[in-house]
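The values are calculated or read from the model by the stated rules, or taken from the named source; none is laboratory data. Remember, predicted model here, so these are calculated numbers, not experimental data. Positions of Cβ are backbone-derived with ideal geometry, glycine not excepted, and every protein chain shown enters the neighbour counts. Please note that ligands, DNA and RNA were not included when accessible areas were found on the heavy atoms of the full protein model with its side chains. Shrake-Rupley method; radii C 1.70, N 1.55, O 1.52, S 1.80 Å.
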Amino acid sequence: MANQVNRTDLETAILDVVRRMNIENAIHSVPVYSLKEILEFKNVTILRKIGKELHVKYYSKLSKPDLIQAIAENLIRTDNLRNCLNILDEQEWNFFHEAASQVNYQAEVVFDDWYIKAQIMMLLQCFYHDNELYYVVPDEIKAGYMELVSNGFLEDQNFRILINNYAIAAVNLYGVIGQDELADIFNSQNQRQISVDDVFRALLPYVCTDAGYCFWEKYIVDHEFADDDYESVPLLVAIRKGKPRYTPPKDEFLKYSDWDYYETTPQLLTLKAALSEYISDPEVVLDVLEEIYDMCAAEARIQEFFDLLNSVGVKFGGMGQVEVLVQQIMDVQNSTRLWSNFGHTPSELCSTDKSNLIPFPARPASVAKIGRNDPCPCGSGKKYKQCCGR
């Protein structure tokens, strides 16, 4: 642990890398503000890619000047501009909106996922000049955008973003959600109502740009289900058949629109305090705690938790300490919201008194199943039979 990188130094290093990426992605020139002038900086290969996306006729055969003219004319068409803006997620949209409100937006560092998509679509352009970064929305795009705004675009865009946030939250919490179920949840918590068709239309642009979820039949599912060609989707739906869906109030539900969000339960806080007894670096404690939460959400085997603890140098003084920590991990597991429980924790479902719904063991019975020749979970490096199993 002596070589552990200080978090402040790490954040500084990350920002330095991001700034270098900003500079690399920028046009090294005095900022220009005309869409055609900006397009002049692009090579023909990039222009043809843009032309293809905008369905410019004969994009592969046009000369560079003619291609620039055609792209500029097509991009500012109301329907094309609206479609491009609709693809932006909330953070990208907020950055574009802020940049569009200024002659140029200056910043030392901007994370590339805030603007690169918009830059690829020529909605804005980053310039690097005199050691400064400038983010420019072309004048023609600004004019088209303001026309859209005058026709109610902001309200519609915010509404679409809200539906997208509901989709992310539902997939984060449940793994799989029916489009009709998402509409029901949304309608129960919002005055403006939506249909299943509204859900599909609102989410399709996000699905096409790696939103973290995708459509599969009538469902909206986590994109990782694509790894096994969605075979796990009907299995998950079958496993939780008959289980009630956990639906928190709107404010709590939308916290799950952050893919990294999870509840900080009393059980997690207890485990955090226990880990601090074995790990001196508080930053490592937080990293291990988050990893344990993820493993609980994935319903990992108990040995996987020991592998993690061993990897960060946790050493136990005997089986008594092992059993206490395993108990605390099981308590976290029983308070973790699971896809297989439709968002409920094992403890919550157990309290409904359904005979087919049981929590994980209240006591760490799996510790007793350690094989005689397995590594001892105390971290000594010896076989169990030669250490705590004697």
Inset, instruction - Among the residues of the range 113-125, count how many are open to solvent by 10 Å² or more (accessible area, probe 1.4 Å) and of a type in the set (A, V, I, L, M). - result: 3
Legend entry - Scan of the range 275-333 for residues that are assigned to a helix (DSSP H, G or I), free of Cβ contacts under 8 Å to residues at least 60 places away in the same chain, of a type in the set (Val, Ile, Thr) and surrounded by fewer than 20 Cβ atoms within 10 Å (Cβ to Cβ), ordered by number: Val324
Inset, instruction - Give the residue that is nearest to Ala169 (Cα to Cα), with candidates limited to residues of the range 198-248 that are in a strand (DSSP E or B) and more than 17 Å from the chain's Cα centre (by Cα). - result: Tyr219
Legend entry - So Val233, is it open to solvent by less than 30 Å² (accessible area, probe 1.4 Å), within 22 Å of Thr345 (Cα to Cα), aliphatic (A, V, I, L, M) and free of Cβ contacts under 8 Å to residues at least 40 places away in the same chain: no
Inset, instruction - Considering only the range 41-55, state which residues are assigned to a helix (DSSP H, G or I) and surrounded by fewer than 15 Cβ atoms within 10 Å (Cβ to Cβ). - result: Val44, Thr45, Ile46, Lys49, Lys52
Legend entry - Residue satisfying condition, being open to solvent by 40 Å² or more (accessible area, probe 1.4 Å), farther than 24 Å from Leu236 by Cα, out of contact with any Gly (no Cβ under 6 Å at 6 or more places or on another chain) and modelled with pLDDT of 95 or more, within set Tyr128, Tyr135: Tyr128
Inset, instruction - Determine, yes or no, whether Val149 is hydrophobic (A, V, I, L, M, F, W, C) and under 30 Å from Asn104 (Cα atoms). - result: yes
Legend entry - The one condition in (1) within 30 Å of Leu203 (Cα to Cα); (2) open to solvent by 60 Å² or more (accessible area, probe 1.4 Å); (3) touching a strand residue (DSSP E or B) at 6+ places or on another chain (Cβ under 6 Å) that His28 fails to fulfil: (1)
Legend entry - All positions within the range 125-152 that are part of a helix (DSSP H, G or I) and not aliphatic (A, V, I, L, M): Asp139, Glu140, Lys142, Gly144, Tyr145, Glu147, Ser150
Legend entry - Unmet criterion (only one of (1) in a helix (DSSP H, G or I); (2) in contact with a Phe, Trp or Tyr (Cβ under 8 Å, 6 or more places away or on another chain)) for His344: (1)
Inset, instruction - For the range 56-90, enumerate the residues that are more than 13 Å from Leu148 (Cβ to Cβ), open to solvent by less than 80 Å² (accessible area, probe 1.4 Å), without any contact (Cβ under 8 Å) to a residue 60 or more places away in the chain and not in a loop (DSSP other than H, G, I, E, B). - result: Lys64, Leu67, Ile68, Gln69, Ala70, Ile71, Asn74
Inset, instruction - Answer yes or no: is there a residue in the range 249-258 that is among the hydrophobic types (A, V, I, L, M, F, W, C) and loosely packed, with under 15 Cβ neighbours inside 10 Å. - result: no
Inset, instruction - Can you work out which of the residues in the range 313-353 that are out of contact with any Ser or Thr (no Cβ under 8 Å at 6 or more places or on another chain) and of a type in the set (D, E, K, R) is farthest from Val171 (Cα to Cα)? - result: Glu323
Inset, instruction - Could you look through the range 175-211, keep only residues that are touching a residue at least 24 places away in the same chain (Cβ under 8 Å) and among the acidic types (Asp, Glu), and pick out the one that is most open to solvent (accessible area, probe 1.4 Å)? - result: Asp180
